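What follows is a short report on a single structure.
Values in this text are rule-based calculations from the coordinates and carry no lab data. Values in this document were obtained by computation on a predicted structure and should not be read as measured data. Here the Cβ positions follow ideal geometry from the backbone for every residue, glycine too, while neighbour counts run over all protein chains shown.
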Amino acid sequence: MIFASKAFVCLAWIFWIMIVDNSAIGKDNTSMPMMDHSKMTLSEVEKVKKMVVVRDSFIKKPEYNPTFGSTYQRVKARGKVICGTNIDFLGFSVLQGEATGFDVDICRAVAAAVFGDAKAIEFIATNGKTRFEFLIDGTIDVLSAATTYTFTRNVIKKLEFLPTTYYDGQGFIVRKTLGVSSAKQLEGAKICFSTTGTGAKNIADFFAKHEINYIPIPVPPDKNAKNVYLAGDCDMYGTDMSGLASNRLGFKDPDRHMILPEIISKEPLGPVVKYGDQQWSDIVRWSIYVLFIAEEMGINSKNIDSFIENIDPNIQRFMGEKNGEDHPNLGAKLGLDATWSYDIIKQVGNYKEIYDRNITEILGLKRGLNQLYSHGGLLYAPPLK
């Protein structure tokens with residue numbers, strides 16, 4: 001106990017001296033108290049050094065605490081939006097070469113709104129471990145990485161989830177040789193899942209509900225549940241249905257694997273920003289809504305110029321300055337140019353265009369719940385007025 005007390009006191013002195021040293025540069029330091037190291041044994045000194053090193057190793061980049069307008073000002077001064085996304089998620093985000101994918105295009109829409117240039121953007125690869133860290137410390141301005149909106153992430157982690165861009169649910173993939181056609185036939189199966197997402201809880205809830213015993217195989221962030229499954233260390237693995245479809249296409253022999261029909265959870269996926277800057281969250285939020293509204297109005301990247309002289313007041317508001325100076329400039333309310341919504345659709349396309357080229361054409365997935373509300377889906381935007 002005596003040694004521990006000495007070590008604690010010495011540690012406190014070291015930090016105090018570091019603070020005073022930093023604040024006293026160029027000043028008279030003659031009155032600054034000094035630590036008498038001669039009163040410490042060599043082992044005690046080494047112990048304190050180790051304590052300092054261990055403490056320092058856990059020091060992270062300071063948390064970014066935005067205020068109204070601060071993120072937008074930072075983005076504008078930088079000249080580009082920084083978007084965090086997955087590095088290799090076919091259909092959603094592939095960062096090799098020119099970045100492509102559904103989540104990539106969502107970020108490009110934000111860049112088009114802010115700069116009038118969808119290419120004014122930088123993509124940073126994130127994973128289950130780093131995605132929220134990068135958002136919290138300000139490394140990225142927006143996260144668009146197939147991220148599920150949950151109570152804990154929203155309320156406890158203080159992350160602001162914007163409109164859901166993809167309604168998904170968790171499922172399972174198995175080898176056809178396993179001889180099952182339903183997840184309810186998996187008594188005693190070894191199931192792989194990532195430890196960083198919502199999958200572990202979803203799987204536990206599903207098998208508990210159906211009173212099915214299983215062997216959990218948790219996979220840490222530095223590995224990949226898909227790779228563990230392909231190595232034969234588990235009978236199946238679970239993740240979002242979109243992820244299963246994407247991963248299966250990358251298998252050497254995709255026809256030997258099948259996605260089971262059960263969807264065991266709700267996974268509303270969409271962009272995320274840090275709490276605190278209402279202007280920035282509004283910019284990202286309405287950049288997404290514009291994609292829905294354009295599809296609803298029948299406006300796309302190819303025909304948008306034909307709407308310039310349209311007399312429909314709703315379309316006039318949508319077109320902004322492109323429809324004349326006398327029409328409402330809603331962009332100014334966000335701190336954006338009057339043509340912000342025009343620029344999004346002209347350069348990136350509406351929601352249907354984004355979905356079709358990334359999800360339908362590559363993954364072969366039908367829109368399902370990701371249809372407009374008028375077509376039986378869940379996509380619904382507030383009025384642009």
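Here are a few things to note about the model shown:
- Filtered GluC sites (Glu not before Pro), the stretch 268-309: DSSP coil and at most 13 other beta carbons within 10 Å: Glu309
- For the pair Thr360 and Ser374, the difference between a 0.36 nm per residue extended length and the Cα-Cα distance amounts to 3.1 nm.
- Computed label-point distance, nm, for sites Ile212 and Ser181 using a 7 Å Cα→Cβ extension: 1.5 nm
- Amide H to amide H, with H built 1.01 Å from N, Ile191 comes under 5 Å of Ile215, Ile217, Asp235, counting only residues 5 or more places away or on other chains.
- Table column - 3J(HN,Hα) (Hz), the stretch 361-367, Karplus curve with 6.51, -1.76, 1.60, x for Gly and Pro: 6, 8, 9, x, 8, 6, 6
- Loop trypsin sites (Lys or Arg not before Pro), the stretch 111-144, which have at most 16 other Cβ atoms in a 10 Å radius of their Cβ (DSSP): Lys119, Lys129
- Cleavage-rule hits (trypsin sites (Lys or Arg not before Pro)) in the stretch 230-259: DSSP loop, at most 12 neighbouring Cβ within 10 angstrom: Lys252
- Extension gain, Asp205 back to Lys157 (0.36 nm per residue minus Cα-Cα distance, nm): 15.0 nm
- Take each peptide in 71-82, 350-361, count the other Cβ atoms within 10 Å of every residue, and average; sorted highest first, the result is 350-361, 71-82.
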